Amino acid sequence: MKLKNNTVVVTGGASGLGAAVSRKIIEKGGSVIIADLNAESGNNLANELGPKAIFALTDVTDSDNINDTLDLAQAQPGTFRAVVNCAGILAAGKVVGKNGPHCLDTYAKVINVNLVGTFNVIRLSAARFITNEPDDENERGVVINTASVAAFDGQMGQAAYSASKAGVAGMTLPLARDLAREGVRVMTIAPGIFDTAMMAGMTEEVRAGLSATVPFPPRLGRPDEFAHLAAHILENTMLNGEVIRLDGALRMSAR
């Protein structure tokens, strides 16, 4: 698909990887709906990016709320043709820790936001995409999801997070197969350790240690590298039904 004059919804689009994707879409001549729960960051980014960027307060677990955001996307000039799912939460805890068994509510929340929420956005977006007129490649829409290397190399204490991201990775191919006849592609990016707000709070010593675990390049990933890959996926019609690790050959240790 061509990004120019088309609209993309980016969940979790107000910060980190999602913000980088939002910037890239504007750079490529598209319009972006920054779908996030952080109104302050979302509005600030929309103001920074200009009139083709709009913030929409969005909870990916709330179907009515998502549909309101998608209505906004369809109201923009051009066509709503893509969604990039970056919304997600972290949680850590061993299955049995000092305070007893892992909190089931915490586990369920991570699964609900990261996996169920991602699917919720996909199903509602895809229902809109299939009504689009196909482009010159017979394509009607594109979905990009965000998993994590934790889907494959989960560390101690990551049972909930790894399960949620493994679910995102695992549903990529069947979703692509479900939507193939409709001309809608589904792809997933599994990033390694990236220099986002979560990392900004860590000491230089910790950051250096994490960087050293990446074979090459021996540094944290940059959000714009994630955004560059997302843009390429949107523009390359042959990419479909696959999970791409973006991690500098990193394989996470047990802890």
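Any read-out appearing in this document is the output of simple, stated calculations on the displayed coordinates, not a laboratory observation. This one's a predicted model, so the numbers in the text were calculated from it and none came from an experiment. Heads up, the Cβs are rebuilt from the backbone with ideal geometry, glycines too, and the neighbour counts pull from every protein chain shown.
Here each label is just a point 7 Å from Cα along the line to Cβ, and for Asn99 and Glu133 those points are 5.7 nm apart. Taking every alpha-carbon pair under 8 Å whose residues sit at least 6 apart, the chain reaches a relative contact order of 21 percent. If you take every residue apart from Cys103 with its C-beta less than 14 Å away from the C-beta of Cys103, what net charge results, scoring Lys and Arg +1 and Asp and Glu -1? Once all neighbours under 14 Å are counted, the net charge is +2. For the chain, the antiparallel share of DSSP beta bridges with both residues in that region comes to about 5%. Ranking of Lys4, Lys109 by neighbouring Cβ atoms within 10 Å, starting from the fewest: Lys4, Lys109. As a calculated quantity, the FRET efficiency between Asn236 and Ala75 at R0 = 22 Å, using C-beta atoms, amounts to about 0.20.
Binning every alpha carbon pair distance of the chain at 5 Å from zero, what are the percents per bin? With a bin width of 5 Å, the distribution comes to 1, 6, 14, 18, 20, 17, 12, 7, 4, 1, 0, 0.
Treat every Asp and Glu Cβ in segment 1-87 as -1 and every Lys and Arg Cβ as +1, leave all other atoms uncharged, and give the resulting dipole magnitude about the Cα centre to the nearest 20 debye.
Roughly 660 debye for segment 1-87.
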